[in-house]
Amino acid sequence: MSASLSIPPRLAPVLDDLTPAQRAAALALGRVLVLAGAGTGKTKTLTAGVATRIELYGMEPSRILCVTFTNKAAREMRERITRACGEGMAPSWLGTFHALCARQLRAEPDIAYLRAGFDIRDADDTLAIVRRLIKATPVEQLPRPEEGEPGDARQIAKMAERISRLKEDLVTPDMAGHHVEAMIARAHAQKRFVDDVGWRFVVGLYGRYQSLLREQNAADFGDLLMWPTLAMLKNETYRYRWSRRFTSVMADEFQDVNRAQFLWLKMISEVSGELFAVGDDSQSIYSWRGAKVGFIRGFSQEFPEAKTFKLEENFRSTAHILDASNAIIAQDPSRIPKTLYTRKGAGKPIEVLQFSYISEEADAIAAEIGRRAAAGCPWHDIAVIYRQNRLSRSIEEALIQARVPYEIVGDVGFYQRVAVKDALALVSLAARPDDRQSDEAFRRVANKPSRGLGAKGLGAIELTAREQDISLLCAVRETRLSQKAATALTEFEHVVREVGAQENLSVGDRMRLLLEDTGYFDMLRADDSDEAATQMENLAELADVADRYRKVDHLMEHAALASGAPGEKGKERVQLLTMHRAKGLEFRHVFLPAWEDSLFPGSNARNLDEERRLAYVALTRAMEQATITCCDYRQGTSSIPSRFLDDIPSNNRIRHWNWQDGRGSLSSNRPTWEQTQRELNALGI
């Protein structure tokens, strides 16, 4: 088709920069599915598709709708289109689903029973409203959850998530009762577990929640998509009015759409018949937030006239990495077949290393990162990618010891987490109870858990301390406080001084005593939320680290260095992130720790195929080298390597570092390893 087209001069360089497959996809009209494998130029192809419609087919930018999932992707798309077509030529309807649907809803708010100028409630606002409604419900009327207590933080989050899921399925409050009963009946017929009582409670809660939003003239994120989609489904005139506005609809990351998003795209492209969808079913990893991979896999059935283009040439990774990735994802029985290939050459085999303990694994990764940096690789070109956030701690600790600068992407560094900082404040206060140097620590933990110390009481203690030139802890017994605060703080001071005096104990043991005897542990135990459980795990890990120190000063220096290095702006840093956050990114060197079957895919994995797709996503982040590690023992239990490792062909992997001579794995080649460490020390790494 393109041979007979007269390509405008401004479009020619855009198309000339494409592969034949990318070019064919960008030029295609009608319903188009572009299956873009990892690293195959998805964004470039989508940008070229927009530019082609503007420059070649004469479509007005204001009548092209282009939807993405993140604001960052929308900004990048706008910049690319502007470079290709000129200033002011990017589609005005370019943004996220929420942004575009909010714009649609503001044009006609009455479809959602709202008035002009309505407010938008974000996820935190939603959680706060649900919490208020549940707290106002008598506890005997709340369903008893499988874990935790009625009305606790975990149940509140689950109820908010279920309301969100109902909206994604286009279920309004008046439809919720029938919908939930049908869902329960299906589960019973299929002999699947379903939380009957919990879901039935949600039906009533959803009605009260939506009534409250309506009273406030507010919409949550779910409303932004649900009401316009329902209006287009039910009202042909409304659907036609909106669908005729657009001559083309372009959708990025199509594998991640939920039911509401799919129907919205289908209907808003109805008049034009133009839907350009780009995605990769092998990278569908968000089912837990409503994404349904079936929509991209069923595109050709939904639109029989659709054209499908496969982008399989990878521009990111070497052949060894791609062959391993292809082999892993090939075991997903429902995938749309495609095979990634590259012209970059074979590269280096995947390093698959097995260690006895997590400390060995972490130390080896840290030292190997240092070795590669010493060989000239910038820190930011190296990433450690793991399945769960909690797996970062041992890696962080090893990087700190090795003085490797790092940054945790999208998460708070271990030593910056609230519970960790509280525990450090306790041991610091106990080490110097009479020194004003400990005042900041006192301010942090004096009312954790609550001891009746308010702003007025703390102000009185501060005044006494200044007047008598003593520490805040000392000023407690010199200050007139309420009886509750005085009693609780006197007991707190007694515990702090008593534990601090036990210098024969390690810092870790003193920390455990302080957390237990001050009631901090009890405070967390009383909170059944996932966050509290994570904080308990963090504190256990911190105490283990503190066991190595006899002096508090040494631990505090270690923590300060750890907190400072990752947060320093403008410095090169190794990237630490989860597999989900790594999607869309690329690094020259990628380390993938903790590939053990109990963790990945995990003994309780609900969707094994999606875990497999996560493995594919993680491995395809690597450009030059990928290293996978596992341990025989993790957190006191034995482990076996992940089943995904068995899928990697033997000719694409080795059981030692690529720089070794192949005589054995790291753990059995101790002299070589010790020599490497000496060399790194000599380099100051």
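The values are calculated or read from the model by the stated rules, or taken from the named source; none is laboratory data. For clarity, every value in this text was computed on a predicted model and none was experimentally measured. Backbone-built Cβ (ideal geometry, glycine too); neighbour counts: all protein chains shown.
Brief remarks on what is shown
- Qualifying residue in the stretch 489-503 (condition: over 30 Å from residue 619 (Cα atoms) and at pLDDT below 90): yes
- Positions within the stretch 490-531 being outside any helix (DSSP H, G or I) and farther than 24 Å from residue 552 by Cα, in sequence order: 526, 527, 528, 529
- For the stretch 23-75, the set of residues classified as surrounded by fewer than 24 Cβ atoms within 10 Å (Cβ to Cβ) and charged (D, E, K, R) consists of 23, 31, 42, 44, 55, 60, 63, 72, 75, listed by residue number.
- Only a single criterion out of (1) aromatic (Phe, Trp, Tyr); (2) buried (at least 23 other Cβ atoms within 10 Å of the Cβ); (3) at pLDDT 95 or above is not satisfied by residue 414, namely (3).
- Across the stretch 78-101, not a single residue is classified as acidic (Asp, Glu) and either surrounded by 14 or more Cβ atoms within 10 Å (Cβ to Cβ) or modelled with pLDDT of 95 or more (or both).
- The strands (runs of 3 or more DSSP E) located wholly in the stretch 326-409 that include 2 or more residues which are touching a residue at least 40 places away in the same chain (Cβ under 8 Å) and of a type in the set (A, V, I, L, M) occupy 350-355, 382-386.
- When residue 113 is tested against (1) surrounded by fewer than 17 Cβ atoms within 10 Å (Cβ to Cβ); (2) within 30 Å of residue 524 (Cβ to Cβ), exactly one condition is not met: (2).
Let's see how each residue does on (1) surrounded by 15 or more Cβ atoms within 10 Å (Cβ to Cβ); (2) touching a helix residue (DSSP H, G or I) at 6+ places or on another chain (Cβ under 9 Å); (3) in the same structural domain as residue 284 (by TED's automatic domain parsing); (4) farther than 30 Å from residue 273 by Cα:
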position: 173; (1), (2), (3), (4): yes, yes, no, yes
position: 176; (1), (2), (3), (4): yes, yes, no, yes
position: 191; (1), (2), (3), (4): no, no, no, yes
position: 202; (1), (2), (3), (4): yes, yes, no, yes
position: 206; (1), (2), (3), (4): yes, yes, no, yes
position: 238; (1), (2), (3), (4): yes, yes, yes, no
position: 249; (1), (2), (3), (4): yes, yes, yes, no
position: 253; (1), (2), (3), (4): yes, yes, yes, no
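- Residue match in the stretch 416-433 (condition: within 19 Å of residue 576 (Cβ to Cβ), outside any helix (DSSP H, G or I), β-branched (Val, Ile, Thr) and under 31 Å from the mean Cα position of the chain (by Cα)): no
- Filter result (assigned to a helix (DSSP H, G or I), within 24 Å of the chain's Cα centre (by Cα) and not basic (Lys, Arg)) within the stretch 258-278: 260, 261, 262
- Checked against the criterion of being of a type in the set (A, V, I, L, M) and more than 25 Å from residue 174 (Cα to Cα), the candidates 120, 81, 111 yield just one match: 81.
- Matching option when the condition is touching a residue at least 60 places away in the same chain (Cβ under 8 Å) and either of a type in the set (D, E, K, R) or touching a helix residue (DSSP H, G or I) at 6+ places or on another chain (Cβ under 9 Å) (or both), among 467, 498, 493: 493
- Taken over the stretch 286-307, the criterion of being in a loop (DSSP other than H, G, I, E, B) and under 23 Å from the mean Cα position of the chain (by Cα) is satisfied by 286, 290, 291, 292, 293.
- Restricting the stretch 573-616 to residues that are crowded, with 20+ Cβ neighbours inside 10 Å, touching a Pro at 6+ places or on another chain (Cβ under 8 Å) and not in a helix (DSSP H, G or I), the residue that is modelled with the lowest pLDDT: 573
- Any hit, the stretch 296-312, residues being out of contact with any Pro (no Cβ under 8 Å at 6 or more places or on another chain), surrounded by 15 or more Cβ atoms within 10 Å (Cβ to Cβ) and on the phi > 0 side of the Ramachandran plot: no
- Residue check for residue 380: modelled with pLDDT under 95 and farther than 24 Å from residue 542 by Cα: yes
- Per the conditions (1) touching a strand residue (DSSP E or B) at 6+ places or on another chain (Cβ under 8 Å); (2) within 30 Å of residue 140 (Cα to Cα); (3) hydroxyl-bearing (Ser, Thr, Tyr), the sole criterion not satisfied by residue 206 is (1).
- Members of the stretch 292-330 that are within 19 Å of residue 611 (Cβ to Cβ) and either among the polar types (S, T, N, Q) or in contact with a helix residue (DSSP H, G or I) (Cβ under 6 Å, 6 or more places away or on another chain) (or both): 293, 296, 297, 324, 325, 326, 327, 328, 329
- Scanning the stretch 475-489 for residues that are over 17 Å from residue 444 (Cβ atoms), over 43 Å from the mean Cα position of the chain (by Cα) and in a helix (DSSP H, G or I) gives 483, 486, 487.
- Residue in the stretch 628-642 that is within 21 Å of the chain's Cα centre (by Cα) and modelled with pLDDT of 95 or more present: yes
- All positions within the stretch 23-50 that are in contact with a Leu (Cβ under 6 Å, 6 or more places away or on another chain) and touching a residue at least 40 places away in the same chain (Cβ under 8 Å): 31, 36, 37, 40
So that you can scan it fast, the table gives a plain yes or no per residue for (1) at pLDDT 90 or above; (2) hydrophobic (A, V, I, L, M, F, W, C):
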residue: 331; (1), (2): yes, no
residue: 342; (1), (2): yes, no
residue: 348; (1), (2): yes, no
residue: 358; (1), (2): yes, yes
residue: 374; (1), (2): yes, yes
residue: 387; (1), (2): yes, no
residue: 399; (1), (2): yes, yes
residue: 409; (1), (2): no, yes
residue: 419; (1), (2): yes, yes
